[in-house]
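Structure record follows, encoded as structure tokens.
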Amino acid sequence: NAGVTQTPKFQVLKTGQSMTLQCAQDMNHEYMSWYRQDPGMGLRLIHYSVGAGITDQGEVPNGYNVSRSTTEDFPLRLLSAAPSQTSVYFCASSLWKNHQETQYFGPGTRLLVL
Amino acid sequence: KQEVTQIPAALSVPEGENLVLNCSFTDSAIYNLQWFRQDPGKGLTSLLLIQSSQREQTSGRLNASLDKSSGRSTLYIAASQPGDSATYLCAVPRGGNQFYFGTGTSLTVIP
């Protein structure tokens, strides 16, 4: 298994540009989520999904959209990038059994918005 | 809202020492608590998951404890090695499918 994969590894955007961060997992996990990691603030949940067709907002959802058309993929979209979205983004997945399962993380995408 | 705190933010120890990392949380209504390791520029790797009904979980030189009533968890690392140098994070899930992370403890083990 490849586990959780993320592309790209690094991206530079100009303010106002849009882009999609890709996330895929091959472990047939129901639960997938996106976090951003900023210095001194830890990881904060952006959006999550408990299965195909089901998404919900996390702690910091503004400026981000998600969709879950398949079990494997959970892309994160930035419609109009802002410098405040400069961060490291992590995708995670787990089986969904009443929170009893380990989360698996991707390697991250480093995003710089100028 | 759940608040998860990890103290100290950074720790430096000589090789071979035993050490304890701390994690505290404000809402004791948790299902479990996980400890993760993060190497520089990398993603997170799960180390231990303690269910709410457990008090301890062990994996090799690592031992994690959970005291829900006091809102605390500790990660004990025995006989530390330079390869243990990394940032260690704790995380708790809560109702509403939310997961909260601490800000982590950066550990340096000096050869």
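Rolling a 1.4 Å sphere over the protein heavy atoms, what is the accessible area per residue of chain B, to the nearest Å²?
About 45 Å² of surface per residue is accessible.
Measure off, as a whole percent, the carbon and sulfur share of the 1.4 Å-probe accessible area of chain A, all protein chains present.
Of all accessible area on chain A, carbon and sulfur atoms account for 50 percent.
Over all directions, the average projected area of the alpha-carbon convex hull for chain B comes to how many nm²?
Average of the hull's projected areas for chain B equals 6.6 nm².
Apply 1/(1 + (r/R0)^6) to the Cβ-Cβ distance of A:THR102 and A:LEU79, taking R0 = 41 Å, and write down the FRET efficiency to the nearest 0.05.
The formula returns an efficiency of 0.80 here.
Where the accessible area of chain B is counted over protein heavy atoms with a 1.4 Å probe, how much of it, in %, is carbon and sulfur?
After summing per-atom areas, the C and S share lands at 48 percent.
Measuring from label point to label point, each 7 Å out along Cα→Cβ, what is the B:LEU19 to A:LYS14 span in nm?
Distance between label points: 4.5 nm.
How high is the relative contact order of chain A, in percent, counting Cα pairs under 8 Å that sit 6 or more residues apart?
After rounding, I find 35 percent.
Count, for each residue of A:104-111, the Cβ atoms from other chains sitting within 10 Å of its Cβ, then give me the mean as a whole number.
Rounded to a whole number, the mean comes out at 3.
Between B:GLN51 and B:ALA10, what is the label-point separation in nm under the 7 Å Cα-to-beta-carbon projection?
4.0 nm
To one decimal place, what orientation-averaged projected area in nm² is obtained for the convex hull of the Cα set of the range A:1-90?
With the hull built on Cα positions only, its mean projection is 5.7 nm².
For the range A:28-114, which trypsin sites (Lys or Arg not before Pro) are in a loop by DSSP, counting at most 13 other Cβ atoms within 10 Å?
Passing both the DSSP loop test and the Cβ count: A:LYS97.
Might you report the magnitude of the Cβ-based charge dipole of the range B:1-45 about its Cα centre, with Lys and Arg at +1 and Asp and Glu at -1, to the nearest 20 debye?
Dipole magnitude for the range B:1-45 comes out near 160 debye.
Have a look at the protein assembly as shown and give its Rg and Dmax from the Cα atoms, expressed in angstrom.
In order Rg, Dmax, the Cα atoms of the protein assembly as shown give 17.4, 51 Å.
Fully extended, how many nm does the chain gain between A:THR70 and A:ASN1 (0.36 nm per residue separation, minus their Cα-Cα distance)?
Additional length available on full extension: 23.1 nm.
Within 10 Å of each Cβ in B:36-46, how many Cβ atoms from other chains are there, averaged over the peptide?
Partner-chain Cβ atoms within 10 Å, mean over residues of B:36-46: 5.
Using packing as a proxy for protection, rank B:12-19, B:27-34 so that the peptide with the highest average count of other Cβ atoms within 10 Å comes first.
B:27-34, B:12-19
Name all residues of the range A:34-54 having a backbone nitrogen under 15 Å from the label point set 7 Å from the Cα of A:LEU95 along its Cα→Cβ direction, giving them as ranges.
none
The values are calculated or read from the model by the stated rules, or taken from the named source; none is laboratory data. Quick caveat, the model's predicted, so the values are computed rather than measured. Note that we place each Cβ from the backbone using ideal geometry, even for glycine, and neighbour counts take in every protein chain shown. Heavy atoms of the whole protein, side chains included, go into the accessibility calculation; ligands, DNA and RNA do not. Shrake-Rupley method; radii C 1.70, N 1.55, O 1.52, S 1.80 Å.
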